[in-house]
1. Is there any pair with a first residue in the stretch 84-106 that is closer than 18 Å to Pro382 by Cα and a second that is of a type in the set (Lys, Arg) and more than 16 Å from ligand 2 (Cβ to nearest atom) whose Cβ atoms are under 6 Å apart and which are 6 or more apart or on different chains, and what are they?
2. In the stretch 252-279, what residues are among the basic types (Lys, Arg) and outside any loop (DSSP other than H, G, I, E, B)?
3. Looking at the stretch 314-331 only, could you name the residues that are under 17 Å from Gly352 (Cβ atoms) and either part of a helix (DSSP H, G or I) or away from ligand 2 (no atom under 13 Å from the Cβ) (or both)?
4. Within the stretch 399-419, identify whether any single residue is touching a Ser or Thr at 6+ places or on another chain (Cβ under 9 Å) and under 28 Å from His363 (Cβ atoms), and answer yes or no.
5. For the stretch 170-179, name all the residues that are surrounded by fewer than 13 Cβ atoms within 10 Å (Cβ to Cβ) and assigned to a helix (DSSP H, G or I).
6. Of the conditions (1) in a helix (DSSP H, G or I); (2) surrounded by fewer than 22 Cβ atoms within 10 Å (Cβ to Cβ); (3) within 16 Å of ligand 1 (Cβ to nearest atom), Leu232 fails just one. Which one is it?
7. Determine whether Arg193 is over 17 Å from Arg277 (Cα atoms), more than 9 Å from ligand 1 (Cβ to nearest atom) and in a strand (DSSP E or B).
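None of the figures in this text is laboratory data; all of them are computed from the coordinates on show. As the structure is a prediction and not an experimental result, all values here were calculated from the model. Cβ coordinates were reconstructed from backbone atoms using ideal geometry, including for glycine residues, and neighbour counts include every protein chain displayed.
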Amino acid sequence: MNPQRHVLLINPTITKRRSARFPLAVLNLSASLDDKYTSSIIDGNVDRDFVSTTLRTLKTGRVDAVGISVMGGPQLRTAISVSRAIRDGFPATPIIWGGHFPTICAEPSLNSPYVDYAIRGQGEETLGELLDALFSGGADRLGAIAGLSWRTGGQIVHNRNRGFSTASFARVLPYERLGNPKHYIARTYLGRRTTGYQAALGCRFRCTFCGVAAMFKGKTALPAPERLERDLRFLITQFGVDSIQFFDHNFFDREADTAPLLEVLAKFQLPWWCFARSDALLNLSARSWALVRKSRLRMAYIGAESPSDWLLQDVRKGTSTDQTLEAVELCRSHGVTPELSFMLAPPQDPEGETERTFEFIRHIKRIHPKTEIMLYVYAPLPPAPGSKNLPVERAVGNLRDSNGGALVFPTTADEWAEKEWLAYWCHTDAPWLTSRLRNRIRDFTTVLGCRFPTVTDIRSPSWGKAALRTLAAWRYRLRRYEQPWELDFSKKFIHLWDPRVSGL
Ligand code: B12
Ligand code: SF4
């Protein structure tokens, strides 16, 4: 331990205060530094004036470096604000970005004057090695730190990728560094005291559109059941948790590895939510399904993506539309709500694919009306530096801008924070969409959302949801999605919860 050196870790604001969950990235990083450096955390989801808090903390003169967690989308803007304020007030303090944005966009991050180092992929070991080099005057060692992107002599250098690590499984998260835990435990449709928790790391698949694939490159690891049991017991006894949202990239893996975790969950019987794949669910034996039921899995978020097998193949999803339908049936028969996400308007046939997706959703709603639907626009990101991923290169090479020219991605963080690129990162818009198609997607989303308000929405009054359901019924039945002005008007008074923006 070197008590003189202190690192400030920041989770910039990404969501409303009441949607804040434990900021697992900065908690994991803080735990990983413990043998060598002290660290503290500022969470912009809870501290709504976190930029001022950051500057006040830096004024104490005790901070030697700042690490900032950055997901693309709205968090990019708040990350830029705090980084700029630090650069202006404390120009000598090193500013280190890590997370999904710098993993993919290390170059645009370093093209910005308020970022000194961009860490790609899992951050724990890379951050430790970078701080060792910075604090011991070892600038000559920077080139050897895997996973680091940095500037030297006016050039941006991307060091080789860092290998997959499961070291975090051995650490205990320092929740006490966040202050009052009550900010992170919320009433959701799962229970009165729901928490977010991550059990497994990574995902063995490499879908071309997915940020998880960019970060883990097809690697995954499940924790030992003892670790899950220890952590769940801790969360229950310390924080009174009664339900869990698993933030794992993909909870269900090969049955032999998943089954021991299901045994633990069946012991605790806390209602839970997770990410899953249709093929993994279909591969579970009757015994595992019995455990799933006993453990009280309430909802499984499944990337259905498309009603077209050619597109599923094209994006290397590895599942088929038949598997989506079978998984919906299977979930229904076991009392699990499937939450299906779809990617609309791929550039190959934006209008045709979108209409086919709408019809596929209607078909699914007939099979299992309680199926939840999440609609996104297909918006693949450029390949991460150091990855030779030809399918991703091909996917983004086919993208077109609004004039039909090849799509050119932003080259700075500020550009990525502009309205249209923010929407692109959040999968709500893409340059090749016509305004007709944009309206069509918006109208269908409104009608579907009012006709089938999400069960995860426990905030809107039930009379309001019933009213919207009734108002939207004729439009949905007759496929009259266009200009649902009466629904737009009603939604001004009955605010529906959007899980795409705020989570559960
Ligand atoms: C929780 C969550 C949210 C929450 C945020 C937290 C909260 N409620 O307080 C909410 C619901 C707000 C959210 C929103 C979004 N999210 Co989100 N979210 C997640 C989720 C499920 C968990 C994040 C997490 O805690 N991970 C665990 C930690 C330990 O991992 P980590 O964050 O990756 O951190 C590691 C590294 O990234 C790195 N690192 C991270 N920060 C830093 C900082 C430094 C200094 C260093 C050195 C390293 C480093 O080291 C960490 C440890 O190894 C992830 C999926 C996942 N499992 O990660 C998706 C995920 C991160 N989200 C994603 C996306 C796209 C979004 C959205 C931008 C858009 C969308 N379509 O959902 C929205 C924004 C919506 C809006 N506001 O408009 C994608 C990111 C993909 C990408 N390429 O960017 C993910 C991977 C989901 C997915 N499979 O697509 N999200
Ligand atoms: S299976 Fe899901 S998490 Fe894994 S790479 Fe594909 S989309 Fe991403």
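1. Here the result reads Thr103/Arg120; Ala106/Arg120, each pair linking the stretch 84-106 to a residue that is of a type in the set (Lys, Arg) and more than 16 Å from ligand 2 (Cβ to nearest atom).
2. Lys267
3. If the condition is that a residue be under 17 Å from Gly352 (Cβ atoms) and either part of a helix (DSSP H, G or I) or away from ligand 2 (no atom under 13 Å from the Cβ) (or both), then Asp314, Thr321 are the ones that fit.
4. The answer is no, given that none of the residues of the stretch 399-419 is touching a Ser or Thr at 6+ places or on another chain (Cβ under 9 Å) and under 28 Å from His363 (Cβ atoms).
5. Within the stretch 170-179, Ala170, Glu176 meet the criteria.
6. For Leu232, the failing item is (3).
7. yes
Each row is one residue, and each column tells you yes or no for (1) exposed (fewer than 12 other Cβ atoms within 10 Å of the Cβ); (2) over 24 Å from the mean Cα position of the chain (by Cα); (3) among the aromatic types (Phe, Trp, Tyr).
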| position | (1), (2), (3) |
| --- | --- |
| Ala144 | no, yes, no |
| Val157 | no, yes, no |
| Phe164 | no, no, yes |
| Ser168 | no, no, no |
| Ile185 | no, no, no |
